[in-house]
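Comments concern the structure below.
Bear in mind these aren't lab numbers, they're just calculated from the coordinates by the rules spelled out. What you see is a predicted model, and the numbers here were worked out from it, not measured in a lab.
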Amino acid sequence: MPDSGHVKSAPQSPALHSPLGLLAELTHRCPLGCPYCSNPLALDPREDELDTATWLGPFEPTHTPMDVVRRAANLIVAGGLRAEALADARPAQWSKLIFNASVNAVSALTELPHCREFAEQNSSSDLGYLLRALIDEGKRVAAAAGVELREDPWEMNRIGCQTDHPPSMLYDIRHRLPTEIDFLCGAIARESERTGVPAPLHTALHRLIKGKELSWTWEGDARKAEAHRALHTYRTTG
């Protein structure tokens with residue numbers, strides 16, 4: 001055992017005061033197979049997975065100090081992961097928003113995973129044309145909002161579609177759960193209204209998926225029976 005006089009204590013990390021939140025996305029496939037998760041069960045070699053840094057930026061509503069953002073990023077890096085502290089997170093957020101809105105909405109309606117067909121542009125019926133149009137539309141809305149994107153969502157789609165990953169909204173659709181469409185295509189549609197830049201594709205997909213959700217609980221037969229009863233009452237008492 002070494003002399004205790006020569007043992008140095010580990011440096012203490014600066015305290016990060018609550019409230020804090022971490023939104024993380026696993027890029028290495030998980031073997032657990034939890035019933036609420038749509039990640040594939042098969043493990044792939046790490047060299048085949050996307051090695052991307054976690055973006056951290058100030059939470060605008062609370063005006064998080066940049067020093068806190070840097071300390072959080074340093075803790076993640078110290079744990080062996082990649083992270084990058086951003087003074088303005090909006091360019092990264094909008095890049096991911098446009099990518100997620102486009103991919104999740106198309107996956108939810110087609111019930112396809114994020115596969116290579118999402119980037120194919122060979123025949124007029126290829127999904128790649130739709131993804132390209134959705135992404136370009138999102139870019140125009142971001143530009144009108146004064147945001148210069150950090151990454152190209154089309155390039156994110158082109159790389160990501162090689163994984164056959166099932167987006168989170170595909171899991172929701174398959175299990176008839178409320179989706180996050182209000183915060184994806186819905187967010188772009190609302191911003192398009194605010195800026196005056198049209199976003200007809202994102203608006204249409206937002207409405208279609210909301211209609212899909214409604215179909216799971218729609219009581220058409222009950223409404224029809226109620227209408228018949230009301231008509232019968234009117235005729236017999238009128």
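Let a ≥ b ≥ c be the square roots of the eigenvalues of the Cα gyration tensor of region 67-112; is it rounded (a/c under 1.5), or, if not, prolate (a/b larger than b/c) or oblate? The shape class here is oblate. According to the square roots a ≥ b ≥ c of the eigenvalues of the Cα gyration tensor, what is the shape class of region 89-217, taking rounded for a/c under 1.5, prolate for a/b larger than b/c otherwise, and oblate for the remainder? Taking the square roots of the gyration eigenvalues as a ≥ b ≥ c, region 89-217 is oblate. Here's how it looks for His165: its modeled amide H is under 5 Å from those of His114, which are all 5 or more places away or on a different chain. Between Arg150 and Ala92, Ser95, the built amide H atoms are under 5 Å apart, and every one of these is 5 or more places off in sequence or on another chain.
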